[in-house]
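The block underneath contains the structure these notes are about, expressed in structure tokens.
The values are calculated or read from the model by the stated rules, or taken from the named source; none is laboratory data. This structure is a prediction, so every number in the text was calculated from the model and none was measured. Cβ atoms come from the backbone with ideal geometry, glycine included; neighbour counts cover every protein chain shown. Side chains are part of the model used for accessible areas, which takes the heavy atoms of the whole protein and leaves out ligands, DNA and RNA. Shrake-Rupley method; radii C 1.70, N 1.55, O 1.52, S 1.80 Å.
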Amino acid sequence: MQDISDAEWDKFTRSCVEAARYPTNLVYHDTYDHISEGYSERLDEQENRIFVDEAKASLTLRDYDEAVKRFKNITICSNLDLQGYLMGRMLLGRLDPQCRFVFIHAPHSRERLKTTREMLTFALTYHQVIPTFLDFLFPFGKQQYTQDFQFSGFQSEDRLSEDERGLELRQLGRSGRELRVCYNLKSVEVSKGQKEWPWSIRQTAAYHSFDVETGKALWFIIKGDQLMEKRMEAATQAESSIGLKSLSSLAESFSATLQTHLVVFDWCRDHWRWYLNFLEQELHKLTREALLVDLDRHSDRNNTNHSLVVVERTRSSRLSSPPKSASEKAAGSPHRQIKQPPSYPYLQRIPSPEAGAASSFSESQDSLNTDEDFSFGDLQNVQSLEEKANETILVLDTNISTLSQAKLYYREVVISAEFPRDLQTACVRGLAKFERKIGSIIVDLKLQQARTKMLLRLLTDRKNLVSSDPVKALTQDMHEIARKTKQETVSMRIITLVTLFFLPGTFISVSIKFLVRCKVAKIRTDPYEHGYSSVRSGRRWRVT
């Protein structure tokens with residue numbers, strides 16, 4: 001047994017020395033080699049985007065201290081300090097705490113994580129974290145627009161049976177029989193830096209391992225800010241009442257693990273109600289006028305505009321026609337009468353004290369009718385709201401899927417044959433509470449999802465309503481252009497016909513006039529040569 005333990009320790013130390021090659025340096029894992037190599041290559045490609053320089057690094061560890069029975073925080077700013085803290089001064093290893101949190105955060109959700117690649121890969125190697133956890137790391141880092149935001153999931157890797165036991169390192173208090181899970185969840189949070197859009201959907205990635213023999217628990221939590229770190233600190237305070245402070249037995253450690261999961265799970269349902277309220281208010285701001293527009297007044301206004309066009313045509317025709325007598329003016333013609341727009345009674349009514357509310361509504365209705373046109377900018381804003389609603393449905397759906405998988409995973413793993421029987425008996429009550437809490441969160445998320453689907457249908461209907469006005473206006477403009485083009489075409493045809501009708505006569509008249517001038521010029525040059533016949537010819541031309 002000692003030889004086996006020494007061999008396992010040699011594998012572990014060799015893996016730690018090659019930490020830069022993570023995850024290909026892991027001793028035991030269920031990931032294919034080509035997938036591990038792909039993870040390593042992707043880390044090389046995105047290193048500058050995800051990690052900071054060591055001068056800006058700050059990694060927070062929160063360990064449970066057996067001596068004082070409480071948690072303490074340790075801030076580490078370099079890879080050398082991290083190695084010294086984890087493995088001890090002589091680098092021979094030190095006993096793992098009963099529970100450890102490793103918090104990785106950034107200044108904000110779209111900035112680089114405040115850790116170096118060397119620090120993170122050494123921490124992951126030291127705790128033999130499964131490679132699939134990197135899938136949940138890549139969406140973080142510096143980015144102008146969200147990248148890989150739609151990715152979500154729940155991954156697990158169990159080493160409960162003797163045949164699948166991991167590294168057995170008694171020096172560190174590790175039995176090699178562990179539950180390993182990783183997942184990510186998303187929630188909406190208030191974004192104080194965005195005044196026009198004060199909400200932002202953010203994510204949290206978590207990795208957890210639990211040793212079913214020693215009860216030691218490990219957590220890696222990645223988030224764009226320190227919110228989750230603060231919540232975990234509050235949950236692990238000595239005066240906390242949610243059950244994370246007691247780790248004296250295996251059953252209490254497992255119960256604390258389930259409670260820690262619930263802290264992350266409960267976060268994913270925060271603020272959705274208020275975010276949907278905000279989306280509904282924005283929708284009403286953009287489309288409320290479309291519902292309150294007086295369509296009868298809009299139709300009468302169009303008729304009035306058409307009548308004004310008739311008046312202009314009438315005035316232009318009067319300029320070219322002779323003046324009429326007084327009797328003719330009095331008689332008039334039916335087609336030249338102008339239809340006056342109707343007057344609405346509530347616009348002329350004097351408000352009474354009892355009718356204050358009705359009067360204010362009339363004034364608001366009148367103000368709405370003064371600006372009934374909706375621009376394509378309004379359509380773009382409604383389209384943006386529709387995209388936000390679709391994004392919300394996707395996030396809620398992925399959260400529900402992740403929670404359902406976590407609930408099913410713990411239900412199946414506890415009843416499996418490899419799970420310790422004494423722990424299975426002791427955690428029945430805690431597991432039932434865990435499942436009820438997850439069920440409550442799932443129900444809440446489904447309610448918000450149903451509300452979002454209703455909002456999405458309302459968005460689609462309102463978008464169709466708002467889009468009808470600019471499209472209608474565009475159609476009317478096109479119709480007016482076509483009408484004017486038709487009028488100009490008819491006018492050009494008339495001008496062409498008149499020109500063709502008078503052109504032959506004009507040509508003949510000019511030709512005759514030219515001949516007459518030539519004849520007259522000859523007579524003036526030699527009047528005796530032509531004599532009497534020339535005079536008669538000239539008279540004949542004049543008669544003609």
What's the number of the condition Gln237 fails, among (1) touching a Phe, Trp or Tyr at 6+ places or on another chain (Cβ under 7 Å); (2) part of a loop (DSSP other than H, G, I, E, B)?
-> (1)
Mind listing whichever residues of the range 419-430 are open to solvent by less than 20 Å² (accessible area, probe 1.4 Å) and assigned to a helix (DSSP H, G or I)?
-> Leu423
Would it be correct to say that Lys446 is assigned to a helix (DSSP H, G or I), surrounded by fewer than 19 Cβ atoms within 10 Å (Cβ to Cβ) and modelled with pLDDT of 95 or more?
-> yes
All-but-one check, Ser416 against (1) open to solvent by 40 Å² or more (accessible area, probe 1.4 Å); (2) assigned to a loop (DSSP other than H, G, I, E, B), failing number (1)
List every residue pair whose Cβ atoms sit under 6 Å apart, with the two residues 6 or more apart in sequence or on different chains, where the first one lies in the range 249-273 and is among the aromatic types (Phe, Trp, Tyr) and the second, anywhere, is open to solvent by 20 Å² or more (accessible area, probe 1.4 Å).
-> Trp272/Gln448
Every listed condition ((1) closer than 30 Å to Asp211 by Cβ; (2) open to solvent by 80 Å² or more (accessible area, probe 1.4 Å); (3) under 23 Å from the mean Cα position of the chain (by Cα)) holds for Arg411 save (3)
Determine the pairs where a residue that is more than 9 Å from Ser255 (Cα to Cα), located within the range 423-434, has a partner that is open to solvent by 90 Å² or more (accessible area, probe 1.4 Å) with Cβ atoms under 9 Å apart, the partner being 6 or more residues away or on another chain.
-> Gln424/Ile415
Residue set Glu66, Glu54, Glu37, Glu18; condition out of contact with any strand residue (DSSP E or B) (no Cβ under 8 Å at 6 or more places or on another chain), closer than 27 Å to Arg202 by Cα and either at pLDDT 95 or above or among the acidic types (Asp, Glu) (or both); output residue Glu54
Do any helices (runs of 4 or more DSSP H) lying entirely in the range 26-144 carry at least 3 residues that are surrounded by 16 or more Cβ atoms within 10 Å (Cβ to Cβ) and of a type outside the set (A, V, I, L, M), and which ones are they?
-> 33-50, 117-126
Out of Phe101, Phe138, Phe149, Phe122, report the one residue that is among the aromatic types (Phe, Trp, Tyr) and closer than 26 Å to Ala256 by Cβ.
-> Phe101
In the range 178-210, what count of residues is obtained for those that are in contact with a strand residue (DSSP E or B) (Cβ under 6 Å, 6 or more places away or on another chain) and among the basic types (Lys, Arg)?
-> 3
Test: residue in the range 450-473 that is open to solvent by less than 70 Å² (accessible area, probe 1.4 Å) and over 29 Å from Ser384 (Cβ atoms) = no
Taking the condition farther than 23 Å from Ile74 by Cβ, touching a strand residue (DSSP E or B) at 6+ places or on another chain (Cβ under 9 Å) and open to solvent by 10 Å² or more (accessible area, probe 1.4 Å), does Glu162 pass?
-> no
Positions within the range 13-34 being within 20 Å of Arg174 (Cα to Cα), hydroxyl-bearing (Ser, Thr, Tyr) and in contact (Cβ under 8 Å) with a residue 12 or more places away in the chain, in sequence order | Ser15, Tyr28
Only listed residue being in a helix (DSSP H, G or I), of a type in the set (Ser, Thr, Tyr) and touching a Cys at 6+ places or on another chain (Cβ under 9 Å), chosen from Thr392, Thr402, Thr398 = Thr402
Given (1) of a type outside the set (D, E, K, R); (2) within 22 Å of Tyr28 (Cβ to Cβ); (3) open to solvent by 30 Å² or more (accessible area, probe 1.4 Å); (4) in contact with a Pro (Cβ under 7 Å, 6 or more places away or on another chain), where does Val190 come up short, assuming only one miss?
-> (2)
For the range 168-224, the count of residues that are under 28 Å from the mean Cα position of the chain (by Cα), basic (Lys, Arg) and assigned to a strand (DSSP E or B) equals 3
